[in-house]
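Only one structure is covered here, and it is reproduced in the block below.
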Amino acid sequence: MQLLLDVMCGGLDAYLRMCGHDTVYAGDRGLEADDDLLAVARDEGRVVITRDVELAGRPDDAILLESREVEGQLRELADAGIDLALATEPEFCGRCNGPLDRVPETAPTPEYAPDSASIDVWRCIECGQHFWRGSHWDRVARTLSRIDDGSNR
């Protein structure tokens, strides 16, 4: 799914990208004016996710979020039919939304990343950031499991 988060929903970008959604954050593109944001959504076929009632009323398929907290927003997205299962094979960079390539087992990794011979590592084609299923992945998985099982309602 192709999504566009307005500036009030920026805490969701990494979660949605880790779930396999092509997710643009308006703040990363300098999209502040509603008309500019809607033009990008229209031109790129993206669903707008916002907390702005007026903005949400403009496109037919926008998703209006009421919660200010990320977990509440994730729950609202799940209720709206957005799949929040972690991707088996990560596709999108959590930082910039660029496409990811798996790092070959024989390729070197930067100091901050584990050895690709011992664990699957991916590299963003756009920004060069390396990713792996580590503690951050585990925290996101725990958060999403609370959403899935209805905890904290």
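Laboratory data are not the source of any read-out in this text; all were calculated from the coordinates shown. From a predicted model like this one, the values you see are computed outputs, not experimental measurements. Quick reminder, even Gly has a Cβ in these numbers, built from the backbone with ideal geometry, and neighbours come from all protein chains shown.
Working from Cα positions, state the angle (0 to 90°, nearest 10) between the long axis of helix 34-44 and the longest principal axis of the chain. Rounded to the nearest ten degrees, it is 60. Note: relative contact order over region 2-79, using C-alpha pairs below 8 Å and six or more positions apart, is 29 percent. Which net charge results for the neighbourhood of SER116, defined as the other residues with beta-carbon distances under 14 angstrom from its beta-carbon, given Lys and Arg at +1 and Asp and Glu at -1? Every neighbour counted, the sum reads -2.
What is the helix-to-structure angle for 135-149, meaning the angle in degrees between its Cα long axis and the longest Cα principal axis of the chain, kept from 0 to 90 and rounded to the nearest 10? Once rounded, the angle reads 40 degrees.
Electrostatic bookkeeping for ARG95 treats Lys and Arg as +1 and Asp and Glu as -1; over the other residues with beta carbon under 11 Å from its beta carbon, the sum is -2. Considering only TYR15, TYR112, TYR25, the mean-square fluctuation computed in a Gaussian network model of the chain, springs between alpha carbons under 10 angstrom, is largest for TYR112. Across region 12-20, coupling constants 3J(HN,Hα) worked out from phi with the 6.51/-1.76/1.60 Karplus curve, θ = phi - 60°, read 8, 4, 5, 4, 5, 5, 5, 8, x Hz, and Gly and Pro carry x. Counted over the chain, the DSSP beta bridges are approximately 45% antiparallel.
Projected onto their three principal axes, the Cα atoms of region 2-79 cover extents of 28, 24, 20 Å, largest first. Couplings for region 106-121, taken from phi via the Karplus curve 6.51 cos²θ - 1.76 cosθ + 1.60 with θ = phi - 60°, read 8, 7, x, 10, x, 4, 6, 9, x, 5, 5, 7, 9, 7, 5, 10 Hz in order; Gly and Pro are left as x. Taking Lys and Arg as +1 and Asp and Glu as -1, the other residues whose beta-carbon sits under 12 Å from that of GLU44 total +1. Sorting the segments 129-138, 53-62 by their residues' average number of neighbouring beta-carbon atoms within 10 angstrom, most packed first, yields 129-138, 53-62. For the chain, a Kirkwood hydrodynamic radius built from all Cα pairs, placed in the Stokes-Einstein relation at 10 °C and 1.306 mPa s, yields a translational diffusion coefficient of 97 µm²/s. Here the 3J(HN,Hα) profile of region 26-33, calculated from phi with Karplus coefficients 6.51, -1.76 and 1.60 at θ = phi - 60°, is 3, x, 5, 9, x, 8, 10, 6 Hz, Gly and Pro shown as x.
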